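Contents: one structure, followed by commentary.
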Amino acid sequence: MKRLYRSLNKIIEAFLVLIFGLLVIDVVWQVVSRYIVGQSSSFTEEFARFALIWLTLLGATYINGMEEGHLSMDFLVSKLSPEKKRKRQRKIQWLMALFALVVMVIGGGNLVYTTSKLGQISPALNVPLGFVYSIVPVSGLIIIFFCLYHITITFSPKAHEH
């Protein structure tokens, strides 16, 4: 499980770098085409929007994969004893996994299904919107895996015995 966890983090990290690099190139091309060439490219705004969707969701997934990498207010949790803190962290991981299942996997899967069934295509890139939105349930599944990893490995009683 640890090997899959590390591999998945590396793959997501590389994909984030790729998306961010493409986004930078896209935005630079938009500026060049608009102000130097004098005619704006039709696909750059749409690509930037889709890249930001993927960058945001994969970035949240990546941060969730890192130990305690999610945004949280831990003032009260930091005052707890190590045992209570570990139990609280496990509860938080279960809640995040539940959220990812209900909202991202089920809700996102419904979004992908609906847009695919309706045959919605993006106007400039001519890409099926079901593909663009597919990152929502995929990110949800990865977040669930990361939560289960943290529950069983990071915040388990065995992890803090030595």
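Does Leu58 count as at pLDDT 90 or above and either assigned to a helix (DSSP H, G or I) or within 30 Å of Thr154 (Cα to Cα) (or both)? Step through it out loud before you land on a result.
Details: at pLDDT 90 or above: yes; either assigned to a helix (DSSP H, G or I) or within 30 Å of Thr154 (Cα to Cα) (or both): yes.
Answer is yes for this residue.
Limited to region 105-136, what total is found for residues that are closer than 19 Å to Leu16 by Cβ and in contact with a Leu (Cβ under 8 Å, 6 or more places away or on another chain)?
3
In the list Pro137, Pro123, Pro157, which residue meets the criterion of being farther than 25 Å from Phe43 by Cα and in contact with an Asp or Glu (Cβ under 9 Å, 6 or more places away or on another chain)?
Pro157
One residue is enough: does region 20-35 have a residue meeting the conditions out of contact with any strand residue (DSSP E or B) (no Cβ under 8 Å at 6 or more places or on another chain), touching a residue at least 40 places away in the same chain (Cβ under 8 Å), assigned to a helix (DSSP H, G or I) and within 29 Å of His150 (Cβ to Cβ)?
no
Tell me which residues, restricted to region 3-21, are within 12 Å of the chain's Cα centre (by Cα) and of a type in the set (Val, Ile, Thr).
Ile12
For region 65-84, what are the residues that are in a helix (DSSP H, G or I) and either exposed (fewer than 14 other Cβ atoms within 10 Å of the Cβ) or modelled with pLDDT under 85 (or both)? Working first, answer last.
Filtering region 65-84 for residues in a helix (DSSP H, G or I) gives 65, 75-78, 82-84.
Result: Phe75, Leu76, Val77, Ser78, Pro82, Glu83, Lys84.
Might you check whether a residue that is small (Gly, Ala, Ser), over 19 Å from Met1 (Cα atoms), at pLDDT 95 or above and out of contact with any helix residue (DSSP H, G or I) (no Cβ under 6 Å at 6 or more places or on another chain) occurs anywhere in region 101-112?
yes
Which of the following residues is modelled with pLDDT of 85 or more, on the phi < 0 side of the Ramachandran plot and surrounded by fewer than 18 Cβ atoms within 10 Å (Cβ to Cβ): Phe47, Phe146, Phe131?
Working: Phe47 fails: surrounded by fewer than 18 Cβ atoms within 10 Å (Cβ to Cβ); Phe146 fails: surrounded by fewer than 18 Cβ atoms within 10 Å (Cβ to Cβ).
Every option except Phe131 fails the conditions.
Has region 78-95 got at least one residue that is under 15 Å from the mean Cα position of the chain (by Cα) and within 17 Å of Ser139 (Cα to Cα)?
No, every residue in region 78-95 fails to be under 15 Å from the mean Cα position of the chain (by Cα) and within 17 Å of Ser139 (Cα to Cα).
Testing Thr115 on (1) under 28 Å from Lys10 (Cα atoms); (2) surrounded by 15 or more Cβ atoms within 10 Å (Cβ to Cβ), one condition comes back false. Which one is that?
Unmet for Thr115, out of (1) under 28 Å from Lys10 (Cα atoms); (2) surrounded by 15 or more Cβ atoms within 10 Å (Cβ to Cβ): (1).
Taking Ala97 and the conditions (1) surrounded by fewer than 17 Cβ atoms within 10 Å (Cβ to Cβ); (2) of a type outside the set (Val, Ile, Thr); (3) at pLDDT 95 or above, which numbered condition does it fall short on, given that it satisfies the others?
(1)
The values are calculated or read from the model by the stated rules, or taken from the named source; none is laboratory data. Remember, it's a predicted structure, so these values are computed and weren't measured experimentally. Positions of Cβ are backbone-derived with ideal geometry, glycine not excepted, and every protein chain shown enters the neighbour counts.
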